[in-house]
1. For segment 63-84, enumerate the residues that are in contact with a Ser or Thr (Cβ under 7 Å, 6 or more places away or on another chain) and more than 11 Å from Asp106 (Cβ to Cβ).
2. If you take just the strands (runs of 3 or more DSSP E) that sit entirely in segment 122-217, which of them hold at least 1 residues that are modelled with pLDDT of 95 or more and closer than 22 Å to Pro63 by Cα?
3. I need a count of the residues in segment 110-129 that are in contact with a Ser or Thr (Cβ under 7 Å, 6 or more places away or on another chain) and of a type in the set (Lys, Arg).
4. Identify all residues within segment 145-159 that are farther than 15 Å from Phe212 by Cα and of a type outside the set (Val, Ile, Thr); write none if there are none.
5. Of the residues that sit in segment 246-264 and are in contact (Cβ under 8 Å) with a residue 40 or more places away in the chain and in a loop (DSSP other than H, G, I, E, B), which one is farthest from His136 (Cα to Cα)?
6. Looking at segment 53-101 only, could you name the residues that are part of a loop (DSSP other than H, G, I, E, B), more than 22 Å from the chain's Cα centre (by Cα) and over 18 Å from Thr14 (Cα atoms)?
7. Any idea which of His55, His69 is touching a His at 6+ places or on another chain (Cβ under 8 Å), surrounded by fewer than 21 Cβ atoms within 10 Å (Cβ to Cβ), modelled with pLDDT of 95 or more and not β-branched (Val, Ile, Thr)?
8. Is there a residue being on the phi < 0 side of the Ramachandran plot and out of contact with any strand residue (DSSP E or B) (no Cβ under 8 Å at 6 or more places or on another chain) anywhere in segment 249-270?
Amino acid sequence: MRVSQLTIYPVKSTHGHPVDSAPVEPWGLAGDRRWMAVDAKGSAVTARRFPRLLHVTATPDAPGQLRLHGPHAEPIDVDATKAPAEPLVDVDVFRDELSATHPSADADAWLSSLLDHDVRLVWLDDPRRRAVEPQHAQPDDRVSFADGFPLLLATTSSLDQLNRWIESDARQRGEIVEPLPMRRFRPNVVVENDTPFAEDTWSRIRLGDIEFRVAKPCGRCVLTTIDPDSLVKGKEPLRTLSRYRRWDGEVWFGVNLIPETPGELRVGDLAEVAAESTPDRRRSR
């Protein structure tokens, strides 16, 4: 098995930024989801509610600096390192409350124009502020503005199997469907492998020289049903995952990782399972 893709998402819920290599920090790939749009109350704004965020491309520069590209306006540069010395703002990410830097009224206006909604752009200047869910982590584990864990990993064989299921079920309904691309699932790491859903049994994996704990499988949400190009919402993959990959009240694709040590991760790195477990995760199917 080898790492075949690496992707960071500089601004939560926006277009992914593919990279050939990336430093691994305790809270995820360097630069991943350190920025986020929030509403007037400070709550996270995501593409689940505002799909047009998927048409925003954020090009990172140095830490705290990026350029935003969108279909509605000229690109805009944002530099949180030059923000006025103002108090941090309170934000929340799925009930996790923390503080962040609010660097640019111009960036707020740029995003608000795109979404036709009053939002602000914030930067997590210190990711040590947010802990990982304690039931799946150690006390000192930290995470950025990602949904819950530092990294998300998916495998090519699992996507291939899912697309075979989707195609087979569609054929029985007399429908023709296109295979879903991996970017529907927004992983940071894609591993090329041969056995579908082998990751269900992993408890630790080594990517290159870095070892990761597999915290838990990733429960999937409605965002996976939105085509990132057309923004049209459909039924897949949740319809098919609900048939083949449903237990404990959720549907599952990919696994969440927590790094044990920092290091550099590269496309082409060897992926080796360091430890396995065999939990009975499908009892409720």
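The values are calculated or read from the model by the stated rules, or taken from the named source; none is laboratory data. Fair warning: this is a prediction, and the values are worked out from it, not measured in the lab. Neighbour counts run over all protein chains shown; Cβ positions are idealised from the backbone, glycine included.
1. Correct list: Gly64, Gln65, Leu66, Arg67, His69, His72, Ala80, Ala83.
2. On the way: elements: 151-155, 189-192, 202-207.
Result: 151-155, 189-192.
3. The total comes to 1.
4. Once the filter is applied, which keeps residues that are farther than 15 Å from Phe212 by Cα and of a type outside the set (Val, Ile, Thr), segment 145-159 yields Phe145, Ala146, Asp147, Gly148, Ser157, Ser158, Leu159.
5. Only one residue fits best here, namely Pro262.
6. Ala83, Pro84, Ala85, Glu86, Pro87, Leu88
7. On inspection, the qualifying residue turns out to be His55.
8. Looking for residues that are on the phi < 0 side of the Ramachandran plot and out of contact with any strand residue (DSSP E or B) (no Cβ under 8 Å at 6 or more places or on another chain), one finds none in segment 249-270, hence no.
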